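The values are calculated or read from the model by the stated rules, or taken from the named source; none is laboratory data. What you see is a predicted model; the values in this text were computed from it and never measured. Cβ placement follows ideal geometry from the backbone for every residue including glycine, while neighbour counts extend to all protein chains displayed. The area values use the complete protein model at the heavy-atom level, side chains included, leaving out ligands, DNA and RNA. Shrake-Rupley method; radii C 1.70, N 1.55, O 1.52, S 1.80 Å.
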Amino acid sequence: MGNDVGIRPETDLQGFLQDLVVVSAGLDDFLEGFVEATSAASGFGPHDTTTSVALLRPRAHPLLVGSTRDARRLARLEVHLHDGPSVRAAASGRTVEVPDFSFAGEDPLFGSAALRHGVRSAFSTPIAVQGPERAVITSYSSRPSCFTDEHRCAAERLAAAGATSLGLALRLARLRDRADHLAAAMESRTTIDLAAGVLMAQNRCSQEEAIEILRAASSARNMKLRELARNVLTSTVDAPVSTHFD
């Protein structure tokens, strides 16, 4: 396990992360760049450490990235076991250090797993973001008691430097999700309206009556209304049916 020395002052990291928000394809892409920049930052940790960033989100899968495969695997273990320094740091909003998993009592499940993976110590620092999400930077080391006060200060400075950019990336991700949901809802509504038009022509009924026919059939067949509407269209229209949202 090892980190390269690259980005040095926190101002350089801030500028890099602000640019990264703009060029990233999505939140996961931003986090990949975030962990690379963090692990490369001078003074962030000893040379035998590996770094992960965990973004925990309510009602959504967590996003877990790491500077190495070991870091990603350890981050996944913490979330899976709901035990470990990053889980505790996310819950408390405070930095958590484990000097030696051989003697740690706070993380019995993850501690045993960490030792099996050759990890003796860890250090987790929360990243303050507005909203329901929780983000944590975690360093893992194969040596016990290798994290110093200097590392604590560097980690907390880096977490503060990245908080604004991560907050912007989260806000953009929420806006993209809302736009996607709105487009899906509009497409679904258009499909239902088209299917209702077919039923109106077939049954010489009003739009309200056609919608009620669709709803009754949807309930009877235990099928979502939009899926039933799409079936109506594909079974009655020879040409492929699409909306301008496709």
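Say we look at the range 181-199 and pick out the residues that are under 12 Å from residue 232 (Cα atoms) and hydrophobic (A, V, I, L, M, F, W, C); which of these is most open to solvent (accessible area, probe 1.4 Å)?
Across the range 181-199, the extreme among qualifying residues is 194.
Are any residues in the range 141-150 within 21 Å of residue 70 (Cβ to Cβ) and open to solvent by 10 Å² or more (accessible area, probe 1.4 Å), and if so, which ones?
Listed by number, the residues that qualify are 142, 143, 144, 145, 146, 147.
Kindly list the number of the only condition in (1) more than 25 Å from residue 12 (Cβ to Cβ); (2) buried (at least 20 other Cβ atoms within 10 Å of the Cβ); (3) under 18 Å from the mean Cα position of the chain (by Cα) that fails for residue 51.
For residue 51, the failing item is (1).
Quick check: is even one residue across the range 147-158 part of a loop (DSSP other than H, G, I, E, B) and among the aromatic types (Phe, Trp, Tyr)?
The first filter runs over the range 147-158 and keeps only residues part of a loop (DSSP other than H, G, I, E, B), leaving 147-148.
Adding the requirement that they be among the aromatic types (Phe, Trp, Tyr) leaves 147.
Yes, the conditions are met somewhere in the range 147-158.
Of 184, 196, which residue is among the aliphatic types (A, V, I, L, M) and farther than 29 Å from residue 132 by Cβ?
From the options 184, 196, the qualifying one is 196.
Being β-branched (Val, Ile, Thr) and touching a Pro at 6+ places or on another chain (Cβ under 8 Å) is the filter here; which residues of the range 138-159 pass it?
Matches in the range 138-159: 138 only.
Any chance the range 169-180 includes a residue that's farther than 30 Å from residue 51 by Cβ, crowded, with 17+ Cβ neighbours inside 10 Å and free of Cβ contacts under 8 Å to residues at least 40 places away in the same chain?
No - not one qualifying residue is present in the range 169-180.
Condition check ((1) open to solvent by less than 10 Å² (accessible area, probe 1.4 Å); (2) in contact (Cβ under 8 Å) with a residue 24 or more places away in the chain) across all residues:
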| site | (1), (2) |
| --- | --- |
| 100 | no, yes |
| 105 | no, no |
| 108 | no, yes |
| 113 | yes, yes |
| 122 | yes, yes |
| 134 | no, yes |
| 139 | yes, yes |
| 161 | yes, yes |
